[in-house]
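Engineer: The structure is given below, and queries will be raised subsequently.
The values are calculated or read from the model by the stated rules, or taken from the named source; none is laboratory data. No experiment lies behind these values; they were computed from the predicted model shown. In this analysis, Cβ positions are derived from the backbone assuming ideal geometry, glycine residues included, and neighbour counts consider all displayed protein chains.
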Amino acid sequence: MSKVIVVTSGKGGVGKTTSSAAISAGLASRGHRTVVIDFDVGLRNLDMIMGCERRVVFDFINVIQGDAKLNQALIRDRRLDNLYVLPTSQTRDKDALTQEGVEKVLNELREEFDYIICDSPAGIERGAQLAMYYADEAVVVTNPEVSSVRDSDRMLGLLSSKTARAERGEEDQIKSHLLLTRFDPKRSGDGEMMSVEDVLEILAIPLLGVIPESPAVLRASNVGVPVILNEKSRAATAYEEAVARLDGEDIPMKIEGEKVPGLMSRLFGRSA
Amino acid sequence: MNLFGFTFNRKPKSSAQAKERLQILLAHERGSGPSADFLPLLQRDIVEAIKRYVQVSDDAVGIRMDSIGDVSSLEINIELPADQKEAAKADKTDKKAAAKG
(Lines give C-alpha, C1' and ligand atoms only; values in the text may rest on other atoms or scores of the structure.)
Protein backbone atom coordinates (compact mmCIF):
# COMPACT_ATOMS: atom_id res chain seq x y z
CA MET A 1 0.00 0.00 0.00
CA SER A 2 1.30 3.41 -0.86
CA LYS A 3 2.05 6.09 1.69
CA VAL A 4 1.89 9.85 1.28
CA ILE A 5 4.40 11.56 3.57
CA VAL A 6 4.59 15.34 3.96
CA VAL A 7 7.88 16.96 4.92
CA THR A 8 6.94 20.17 6.70
CA SER A 9 8.25 22.68 9.24
CA GLY A 10 6.46 26.03 9.19
CA LYS A 11 9.72 27.93 9.37
CA GLY A 12 11.84 28.31 6.26
CA GLY A 13 15.45 27.30 5.90
CA VAL A 14 15.40 24.45 8.40
CA GLY A 15 16.06 21.72 5.81
CA LYS A 16 12.73 20.60 4.34
CA THR A 17 13.95 20.27 0.77
CA THR A 18 17.29 18.76 1.79
CA SER A 19 15.39 16.26 3.92
CA SER A 20 12.78 15.53 1.24
CA ALA A 21 15.58 14.80 -1.24
CA ALA A 22 17.51 12.65 1.22
CA ILE A 23 14.44 10.74 2.42
CA SER A 24 13.17 10.02 -1.08
CA ALA A 25 16.62 8.93 -2.29
CA GLY A 26 16.97 6.78 0.83
CA LEU A 27 13.60 5.08 0.33
CA ALA A 28 14.37 4.47 -3.34
CA SER A 29 17.76 2.93 -2.49
CA ARG A 30 15.93 0.60 -0.16
CA GLY A 31 14.06 -0.66 -3.18
CA HIS A 32 10.80 1.28 -2.92
CA ARG A 33 9.24 3.01 -5.88
CA THR A 34 9.36 6.60 -4.70
CA VAL A 35 8.27 9.98 -6.03
CA VAL A 36 9.05 13.36 -4.48
CA ILE A 37 6.76 16.32 -5.25
CA ASP A 38 7.67 19.99 -4.92
CA PHE A 39 4.72 21.93 -3.46
CA ASP A 40 6.56 25.26 -3.32
CA VAL A 41 4.86 26.82 -6.35
CA GLY A 42 6.73 29.84 -7.64
CA LEU A 43 9.91 29.09 -5.71
CA ARG A 44 10.86 25.69 -6.93
CA ASN A 45 14.09 24.32 -5.56
CA LEU A 46 13.69 20.60 -5.19
CA ASP A 47 14.79 20.19 -8.83
CA MET A 48 18.14 21.84 -8.02
CA ILE A 49 18.70 19.80 -4.87
CA MET A 50 17.89 16.64 -6.86
CA GLY A 51 20.08 17.81 -9.75
CA CYS A 52 17.40 17.61 -12.44
CA GLU A 53 16.78 21.33 -12.99
CA ARG A 54 17.73 21.20 -16.66
CA ARG A 55 15.40 18.34 -17.41
CA VAL A 56 12.15 20.05 -16.37
CA VAL A 57 9.72 20.32 -19.28
CA PHE A 58 6.28 19.97 -17.72
CA ASP A 59 5.44 20.41 -14.05
CA PHE A 60 2.91 19.65 -11.30
CA ILE A 61 0.80 22.70 -12.21
CA ASN A 62 0.67 21.70 -15.90
CA VAL A 63 -0.64 18.32 -14.79
CA ILE A 64 -3.21 19.82 -12.41
CA GLN A 65 -4.48 22.12 -15.13
CA GLY A 66 -4.64 19.34 -17.70
CA ASP A 67 -1.91 20.76 -19.95
CA ALA A 68 0.30 17.70 -19.57
CA LYS A 69 0.02 14.06 -18.60
CA LEU A 70 1.45 12.99 -15.27
CA ASN A 71 4.08 10.73 -16.85
CA GLN A 72 5.24 13.62 -19.05
CA ALA A 73 5.98 15.69 -15.96
CA LEU A 74 7.64 12.97 -13.87
CA ILE A 75 11.43 13.08 -14.11
CA ARG A 76 13.25 9.83 -13.55
CA ASP A 77 16.34 10.16 -11.39
CA ARG A 78 19.60 9.39 -13.21
CA ARG A 79 21.09 7.54 -10.25
CA LEU A 80 18.17 5.47 -8.98
CA ASP A 81 15.73 4.13 -11.49
CA ASN A 82 12.86 3.76 -9.02
CA LEU A 83 13.07 7.43 -7.95
CA TYR A 84 11.05 10.15 -9.66
CA VAL A 85 10.75 13.90 -9.17
CA LEU A 86 7.60 15.92 -9.84
CA PRO A 87 8.83 19.50 -10.07
CA THR A 88 6.58 22.50 -9.53
CA SER A 89 6.11 25.64 -11.58
CA GLN A 90 8.58 28.49 -11.25
CA THR A 91 6.30 31.06 -12.87
CA ARG A 92 2.83 30.40 -11.46
CA ASP A 93 1.70 31.23 -7.96
CA LYS A 94 0.28 29.10 -5.19
CA ASP A 95 -3.31 29.72 -6.27
CA ALA A 96 -2.65 27.47 -9.25
CA LEU A 97 -2.82 24.54 -6.80
CA THR A 98 -6.34 23.25 -6.30
CA GLN A 99 -7.44 20.73 -3.75
CA GLU A 100 -9.20 18.58 -6.36
CA GLY A 101 -6.16 18.75 -8.63
CA VAL A 102 -3.78 17.72 -5.85
CA GLU A 103 -6.08 14.86 -4.87
CA LYS A 104 -6.32 13.61 -8.43
CA VAL A 105 -2.55 13.65 -8.96
CA LEU A 106 -1.89 11.95 -5.60
CA ASN A 107 -4.45 9.23 -6.36
CA GLU A 108 -2.81 8.58 -9.69
CA LEU A 109 0.61 8.42 -8.04
CA ARG A 110 -0.68 6.04 -5.38
CA GLU A 111 -1.30 3.48 -8.12
CA GLU A 112 2.33 3.54 -9.20
CA PHE A 113 4.43 4.30 -6.15
CA ASP A 114 5.12 2.92 -2.68
CA TYR A 115 6.10 6.28 -1.22
CA ILE A 116 4.96 9.76 -2.22
CA ILE A 117 7.02 12.46 -0.50
CA CYS A 118 5.48 15.94 -0.46
CA ASP A 119 8.05 18.71 0.00
CA SER A 120 6.04 21.48 1.67
CA PRO A 121 6.77 25.19 1.25
CA ALA A 122 7.49 27.24 4.38
CA GLY A 123 4.62 29.10 6.01
CA ILE A 124 1.04 28.04 6.65
CA GLU A 125 -0.61 29.17 3.44
CA ARG A 126 -2.26 27.27 0.63
CA GLY A 127 0.83 25.41 -0.62
CA ALA A 128 1.71 24.17 2.85
CA GLN A 129 -1.90 23.27 3.64
CA LEU A 130 -2.33 21.29 0.43
CA ALA A 131 1.02 19.54 0.87
CA MET A 132 -0.18 18.14 4.21
CA TYR A 133 -3.88 17.73 3.44
CA TYR A 134 -3.81 14.21 1.99
CA ALA A 135 -0.82 12.94 3.98
CA ASP A 136 -0.76 9.63 5.84
CA GLU A 137 2.38 10.56 7.77
CA ALA A 138 4.34 13.73 8.45
CA VAL A 139 8.02 14.41 8.96
CA VAL A 140 8.30 17.63 10.96
CA VAL A 141 11.73 19.12 10.31
CA THR A 142 12.92 21.18 13.25
CA ASN A 143 16.12 22.97 14.23
CA PRO A 144 17.01 23.11 17.94
CA GLU A 145 16.16 26.80 18.02
CA VAL A 146 13.19 28.65 19.55
CA SER A 147 11.46 29.97 16.43
CA SER A 148 11.73 26.66 14.60
CA VAL A 149 10.35 24.70 17.56
CA ARG A 150 7.47 27.13 17.96
CA ASP A 151 6.58 26.88 14.26
CA SER A 152 6.80 23.08 14.37
CA ASP A 153 4.34 23.09 17.25
CA ARG A 154 2.00 25.18 15.13
CA MET A 155 2.35 22.74 12.23
CA LEU A 156 1.53 19.84 14.55
CA GLY A 157 -1.65 21.68 15.47
CA LEU A 158 -2.56 22.04 11.78
CA LEU A 159 -1.69 18.40 11.05
CA SER A 160 -4.14 17.30 13.68
CA SER A 161 -6.95 19.62 12.57
CA LYS A 162 -6.67 20.77 8.95
CA THR A 163 -6.06 17.53 7.08
CA ALA A 164 -8.23 14.89 5.42
CA ARG A 165 -7.44 12.38 8.14
CA ALA A 166 -8.26 14.88 10.88
CA GLU A 167 -11.53 15.81 9.20
CA ARG A 168 -12.54 12.17 8.75
CA GLY A 169 -12.51 11.61 12.50
CA GLU A 170 -10.80 10.16 15.50
CA GLU A 171 -8.99 6.99 14.45
CA ASP A 172 -6.19 6.75 11.93
CA GLN A 173 -4.73 10.20 12.47
CA ILE A 174 -1.61 11.39 10.66
CA LYS A 175 1.48 9.86 12.20
CA SER A 176 3.94 12.69 12.85
CA HIS A 177 7.68 12.18 13.29
CA LEU A 178 10.29 14.65 14.46
CA LEU A 179 13.40 15.07 12.35
CA LEU A 180 15.83 17.29 14.22
CA THR A 181 18.26 18.88 11.76
CA ARG A 182 21.33 21.11 12.01
CA PHE A 183 22.02 19.70 15.44
CA ASP A 184 25.41 20.59 16.88
CA PRO A 185 26.33 18.05 19.58
CA LYS A 186 29.13 20.19 20.95
CA ARG A 187 27.05 23.32 21.40
CA SER A 188 24.26 21.26 22.87
CA GLY A 189 26.70 19.64 25.28
CA ASP A 190 27.93 23.11 26.26
CA GLY A 191 24.38 24.23 27.02
CA GLU A 192 24.31 26.70 24.13
CA MET A 193 21.77 24.73 22.13
CA MET A 194 18.69 22.82 23.25
CA SER A 195 19.29 19.11 23.56
CA VAL A 196 17.38 16.44 21.67
CA GLU A 197 15.53 15.63 24.89
CA ASP A 198 14.57 19.29 25.35
CA VAL A 199 12.96 19.48 21.92
CA LEU A 200 11.29 16.09 22.33
CA GLU A 201 9.85 17.09 25.67
CA ILE A 202 8.34 20.22 24.14
CA LEU A 203 6.95 18.77 20.90
CA ALA A 204 6.10 15.32 22.30
CA ILE A 205 6.18 13.34 19.05
CA PRO A 206 8.32 10.30 18.22
CA LEU A 207 11.86 11.02 17.07
CA LEU A 208 12.72 9.88 13.55
CA GLY A 209 16.31 11.02 13.58
CA VAL A 210 18.87 13.65 14.48
CA ILE A 211 20.87 15.10 11.59
CA PRO A 212 24.09 16.75 12.73
CA GLU A 213 25.10 20.11 11.28
CA SER A 214 27.48 19.11 8.53
CA PRO A 215 29.41 20.75 5.68
CA ALA A 216 28.46 17.72 3.58
CA VAL A 217 24.91 19.09 3.26
CA LEU A 218 26.02 22.22 1.40
CA ARG A 219 28.47 20.22 -0.71
CA ALA A 220 25.64 17.91 -1.73
CA SER A 221 23.35 20.80 -2.67
CA ASN A 222 26.19 22.47 -4.61
CA VAL A 223 26.40 19.48 -6.91
CA GLY A 224 22.70 18.59 -6.97
CA VAL A 225 22.95 15.19 -5.31
CA PRO A 226 20.82 14.12 -2.32
CA VAL A 227 22.99 14.04 0.85
CA ILE A 228 22.50 10.28 1.18
CA LEU A 229 23.90 9.60 -2.30
CA ASN A 230 26.74 12.10 -2.38
CA GLU A 231 29.52 11.11 -0.01
CA LYS A 232 29.97 9.24 3.23
CA SER A 233 29.26 11.74 5.99
CA ARG A 234 27.67 11.82 9.41
CA ALA A 235 24.67 13.62 7.99
CA ALA A 236 24.28 10.95 5.30
CA THR A 237 24.45 8.16 7.87
CA ALA A 238 21.95 9.94 10.11
CA TYR A 239 19.56 10.36 7.16
CA GLU A 240 19.99 6.69 6.21
CA GLU A 241 19.04 5.65 9.72
CA ALA A 242 16.08 8.03 9.80
CA VAL A 243 14.85 6.60 6.49
CA ALA A 244 15.20 3.04 7.80
CA ARG A 245 13.05 4.00 10.81
CA LEU A 246 10.49 5.64 8.53
CA ASP A 247 10.45 2.37 6.60
CA GLY A 248 9.60 0.49 9.78
CA GLU A 249 13.03 -0.72 10.86
CA ASP A 250 13.91 -0.59 14.53
CA ILE A 251 17.28 1.15 14.73
CA PRO A 252 18.59 2.41 18.06
CA MET A 253 19.11 6.14 18.25
CA LYS A 254 22.72 7.17 18.79
CA ILE A 255 23.07 10.82 19.53
CA GLU A 256 26.56 12.19 19.79
CA GLY A 257 27.43 14.75 22.42
CA GLU A 258 24.34 14.16 24.50
CA LYS A 259 26.35 13.22 27.56
CA VAL A 260 27.17 16.00 29.98
CA PRO A 261 30.94 16.35 29.72
CA GLY A 262 32.83 14.96 32.67
CA LEU A 263 34.79 17.06 35.12
CA MET A 264 38.15 16.36 33.53
CA SER A 265 37.07 17.15 30.00
CA ARG A 266 35.44 20.33 31.25
CA LEU A 267 38.58 21.34 33.10
CA PHE A 268 40.86 20.73 30.16
CA GLY A 269 38.36 21.50 27.46
CA ARG A 270 37.86 25.04 28.72
CA SER A 271 41.50 26.05 28.62
CA ALA A 272 41.77 24.96 24.97
CA MET B 1 41.18 32.46 38.92
CA ASN B 2 40.42 30.70 35.73
CA LEU B 3 41.34 27.43 37.30
CA PHE B 4 38.27 27.71 39.50
CA GLY B 5 36.25 29.48 36.86
CA PHE B 6 34.46 26.34 35.88
CA THR B 7 32.86 26.04 39.27
CA PHE B 8 32.23 29.62 40.32
CA ASN B 9 31.93 31.60 37.18
CA ARG B 10 29.63 29.61 34.94
CA LYS B 11 27.04 31.55 33.08
CA PRO B 12 23.48 30.27 33.13
CA LYS B 13 22.91 28.00 30.13
CA SER B 14 21.08 29.75 27.34
CA SER B 15 19.58 26.46 26.16
CA ALA B 16 17.72 26.14 29.46
CA GLN B 17 16.25 29.59 28.92
CA ALA B 18 15.22 28.64 25.38
CA LYS B 19 13.40 25.58 26.67
CA GLU B 20 11.69 27.44 29.48
CA ARG B 21 10.53 30.28 27.23
CA LEU B 22 9.14 27.80 24.72
CA GLN B 23 7.34 25.78 27.36
CA ILE B 24 5.63 28.86 28.76
CA LEU B 25 4.74 30.28 25.36
CA LEU B 26 3.45 27.03 23.90
CA ALA B 27 1.39 26.23 26.98
CA HIS B 28 -0.28 29.58 26.36
CA GLU B 29 -0.63 29.18 22.57
CA ARG B 30 -1.95 25.62 22.73
CA GLY B 31 -4.41 26.21 25.55
CA SER B 32 -5.87 29.48 24.41
CA GLY B 33 -4.78 29.68 20.83
CA PRO B 34 -7.36 32.10 19.48
CA SER B 35 -7.46 34.23 22.64
CA ALA B 36 -5.04 36.79 21.30
CA ASP B 37 -7.25 37.26 18.23
CA PHE B 38 -9.99 38.98 20.15
CA LEU B 39 -7.70 41.74 21.43
CA PRO B 40 -7.95 43.97 18.33
CA LEU B 41 -11.76 43.59 18.36
CA LEU B 42 -11.89 44.31 22.08
CA GLN B 43 -9.73 47.37 21.52
CA ARG B 44 -12.06 48.59 18.75
CA ASP B 45 -15.15 48.11 20.95
CA ILE B 46 -13.55 49.86 23.90
CA VAL B 47 -12.51 52.81 21.76
CA GLU B 48 -16.01 53.02 20.31
CA ALA B 49 -17.59 52.96 23.75
CA ILE B 50 -15.28 55.66 25.04
CA LYS B 51 -15.81 57.77 21.96
CA ARG B 52 -19.47 58.04 22.83
CA TYR B 53 -18.45 60.11 25.82
CA VAL B 54 -14.98 61.48 25.18
CA GLN B 55 -13.11 62.45 22.06
CA VAL B 56 -10.09 60.13 22.01
CA SER B 57 -8.01 59.07 19.09
CA ASP B 58 -7.37 55.39 18.32
CA ASP B 59 -3.72 55.85 19.23
CA ALA B 60 -4.61 56.92 22.74
CA VAL B 61 -5.71 53.43 23.69
CA GLY B 62 -3.13 50.85 24.65
CA ILE B 63 -4.15 47.30 25.35
CA ARG B 64 -1.94 44.41 26.26
CA MET B 65 -2.08 41.00 27.76
CA ASP B 66 0.55 39.68 30.07
CA SER B 67 1.03 36.60 32.10
CA ILE B 68 3.43 36.18 34.95
CA GLY B 69 3.34 32.83 36.68
CA ASP B 70 -0.26 31.79 37.20
CA VAL B 71 -1.71 35.25 36.79
CA SER B 72 -2.81 36.63 33.44
CA SER B 73 -3.66 40.29 33.27
CA LEU B 74 -5.33 42.48 30.71
CA GLU B 75 -4.10 46.03 30.83
CA ILE B 76 -6.03 48.79 29.15
CA ASN B 77 -4.53 52.25 29.05
CA ILE B 78 -6.58 55.18 27.85
CA GLU B 79 -5.12 58.63 27.63
CA LEU B 80 -7.78 61.24 28.16
CA PRO B 81 -6.89 64.70 26.97
CA ALA B 82 -6.99 66.99 30.05
CA ASP B 83 -9.45 69.55 28.70
CA GLN B 84 -11.73 66.83 27.40
CA LYS B 85 -12.51 65.55 30.87
CA GLU B 86 -14.30 68.79 31.58
CA ALA B 87 -15.91 68.72 28.17
CA ALA B 88 -17.13 65.20 28.78
CA LYS B 89 -18.68 66.17 32.10
CA ALA B 90 -20.42 69.11 30.57
CA ASP B 91 -21.56 67.00 27.67
CA LYS B 92 -22.97 64.36 30.02
CA THR B 93 -24.97 66.86 32.04
CA ASP B 94 -26.25 68.33 28.81
CA LYS B 95 -27.41 64.95 27.67
CA LYS B 96 -29.07 64.24 31.02
CA ALA B 97 -30.86 67.49 30.81
CA ALA B 98 -31.92 66.77 27.27
CA ALA B 99 -33.22 63.35 28.29
CA LYS B 100 -35.22 64.83 31.12
CA GLY B 101 -36.57 67.60 29.00
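Engineer: Based on this model, can you work out whether A:Ala135 counts as in contact (Cβ under 8 Å) with a residue 12 or more places away in the chain, assigned to a loop (DSSP other than H, G, I, E, B) and under 15 Å from the mean Cα position of the chain (by Cα)?
Structural biologist: It is true that A:Ala135 is in contact (Cβ under 8 Å) with a residue 12 or more places away in the chain, assigned to a loop (DSSP other than H, G, I, E, B) and under 15 Å from the mean Cα position of the chain (by Cα).
Engineer: Being basic (Lys, Arg) and in a helix (DSSP H, G or I) is the filter here; which residues of region A:138-190 pass it?
Structural biologist: Once the filter is applied, which keeps residues that are basic (Lys, Arg) and in a helix (DSSP H, G or I), region A:138-190 yields A:Arg150, A:Arg154, A:Arg165, A:Arg168, A:Lys186, A:Arg187.
Engineer: May I pose another question? Here are some residues: A:Ile23, A:Ile75. Which one is touching a helix residue (DSSP H, G or I) at 6+ places or on another chain (Cβ under 8 Å), more than 23 Å from A:Ser152 (Cα to Cα) and not hydroxyl-bearing (Ser, Thr, Tyr)?
Structural biologist: Just a single option satisfies the conditions, and that option is A:Ile75.
Engineer: Return yes or no: is A:Leu207 in contact (Cβ under 8 Å) with a residue 12 or more places away in the chain and in contact with a strand residue (DSSP E or B) (Cβ under 7 Å, 6 or more places away or on another chain)?
Structural biologist: Here the answer is yes, as A:Leu207 does meet what is asked.
Engineer: When you go through (1) under 20 Å from A:Glu53 (Cβ atoms); (2) touching a strand residue (DSSP E or B) at 6+ places or on another chain (Cβ under 8 Å) one by one for A:Ile116, which number turns out not to apply?
Structural biologist: The failed condition is (1).
Engineer: Next up: Starting from residues that are of a type in the set (S, T, N, Q) and under 19 Å from A:Pro215 (Cβ atoms), keep the ones in region A:175-191 and report whichever is farthest from the other protein chains (Cβ to nearest Cβ).
Structural biologist: Applying the filter and picking the extreme gives A:Thr181.
Engineer: Quick one: in region A:192-213, which of the residues that are buried (at least 20 other Cβ atoms within 10 Å of the Cβ) and touching a Ser or Thr at 6+ places or on another chain (Cβ under 7 Å) is farthest from the other protein chains (Cβ to nearest Cβ)?
Structural biologist: If we take residues in region A:192-213 being buried (at least 20 other Cβ atoms within 10 Å of the Cβ) and touching a Ser or Thr at 6+ places or on another chain (Cβ under 7 Å), then A:Ile211 is farthest from the other protein chains (Cβ to nearest Cβ).
Engineer: Can you confirm whether A:Val146 is touching a Lys or Arg at 6+ places or on another chain (Cβ under 8 Å), more than 17 Å from A:Lys254 (Cα to Cα) and within 11 Å of chain B (Cβ to nearest Cβ)? Spell out how you get there, then give the answer.
Structural biologist: Numbers: touching a Lys or Arg at 6+ places or on another chain (Cβ under 8 Å): yes; more than 17 Å from A:Lys254 (Cα to Cα): yes; within 11 Å of chain B (Cβ to nearest Cβ): yes.
In short, yes.
Engineer: Could you pull out the residue among A:Met50, A:Met132 that is touching a strand residue (DSSP E or B) at 6+ places or on another chain (Cβ under 6 Å) and closer than 30 Å to A:Glu197 by Cα?
Structural biologist: A:Met132
Engineer: Does A:Val102 fit the bill of being part of a helix (DSSP H, G or I), under 24 Å from A:Ala164 (Cβ atoms) and either within 20 Å of the chain's Cα centre (by Cα) or among the polar types (S, T, N, Q) (or both)? Full working, then the answer.
Structural biologist: Numbers: part of a helix (DSSP H, G or I): yes; under 24 Å from A:Ala164 (Cβ atoms): yes; either within 20 Å of the chain's Cα centre (by Cα) or among the polar types (S, T, N, Q) (or both): yes.
Here the answer is yes, as A:Val102 does meet what is asked.
Engineer: Look through A:Gly101, A:Gly42, A:Gly31, A:Gly26 and report the one residue that is in contact with a Pro (Cβ under 9 Å, 6 or more places away or on another chain), surrounded by fewer than 23 Cβ atoms within 10 Å (Cβ to Cβ) and touching a residue at least 24 places away in the same chain (Cβ under 8 Å).
Structural biologist: Only one candidate passes the filter, namely A:Gly42.
Engineer: Given the condition closer than 24 Å to A:Thr163 by Cα, in contact (Cβ under 8 Å) with a residue 24 or more places away in the chain and in contact with a helix residue (DSSP H, G or I) (Cβ under 9 Å, 6 or more places away or on another chain), answer yes or no: does some residue in region A:46-54 qualify?
Structural biologist: Among the residues of region A:46-54, at least one is closer than 24 Å to A:Thr163 by Cα, in contact (Cβ under 8 Å) with a residue 24 or more places away in the chain and in contact with a helix residue (DSSP H, G or I) (Cβ under 9 Å, 6 or more places away or on another chain), which makes the answer yes.
Engineer: With respect to A:Leu70, is the statement that it is at pLDDT 95 or above, surrounded by fewer than 24 Cβ atoms within 10 Å (Cβ to Cβ), touching a strand residue (DSSP E or B) at 6+ places or on another chain (Cβ under 6 Å) and of a type in the set (A, V, I, L, M) true? Don't jump to the end; show me each part of the working.
Structural biologist: Details: at pLDDT 95 or above: yes; surrounded by fewer than 24 Cβ atoms within 10 Å (Cβ to Cβ): yes; touching a strand residue (DSSP E or B) at 6+ places or on another chain (Cβ under 6 Å): no; of a type in the set (A, V, I, L, M): yes.
When the stated conditions are applied, A:Leu70 does not pass them.
Engineer: Something else about it: What is the one condition in (1) modelled with pLDDT of 75 or more; (2) closer than 30 Å to A:Ala204 by Cα that B:Asp37 does not satisfy?
Structural biologist: Going through the list (1) modelled with pLDDT of 75 or more; (2) closer than 30 Å to A:Ala204 by Cα, B:Asp37 breaks only (1).
Engineer: Against the conditions (1) more than 17 Å from A:Val146 (Cα to Cα); (2) among the acidic types (Asp, Glu); (3) out of contact with any strand residue (DSSP E or B) (no Cβ under 7 Å at 6 or more places or on another chain); (4) free of Cβ contacts under 8 Å to residues at least 60 places away in the same chain, where does A:Glu241 fall short? Just the number, please.
Structural biologist: (3)
Engineer: Counting only residues that are buried (at least 20 other Cβ atoms within 10 Å of the Cβ) and of a type outside the set (Phe, Trp, Tyr), which one in region A:81-93 is farthest from A:Ile23 (Cα to Cα)?
Structural biologist: Among those that are buried (at least 20 other Cβ atoms within 10 Å of the Cβ) and of a type outside the set (Phe, Trp, Tyr), it is A:Ser89.
Engineer: If I ask for residues that are surrounded by 13 or more Cβ atoms within 10 Å (Cβ to Cβ) and either in contact with a strand residue (DSSP E or B) (Cβ under 9 Å, 6 or more places away or on another chain) or modelled with pLDDT under 60 (or both), which ones from region B:1-23 would you list?
Structural biologist: Hit for region B:1-23 is B:Phe6, nothing else.
Engineer: What is the residue count in region A:155-174 for residues that are closer than 22 Å to A:Gly15 by Cα, surrounded by fewer than 17 Cβ atoms within 10 Å (Cβ to Cβ) and in contact (Cβ under 8 Å) with a residue 24 or more places away in the chain?
Structural biologist: 0
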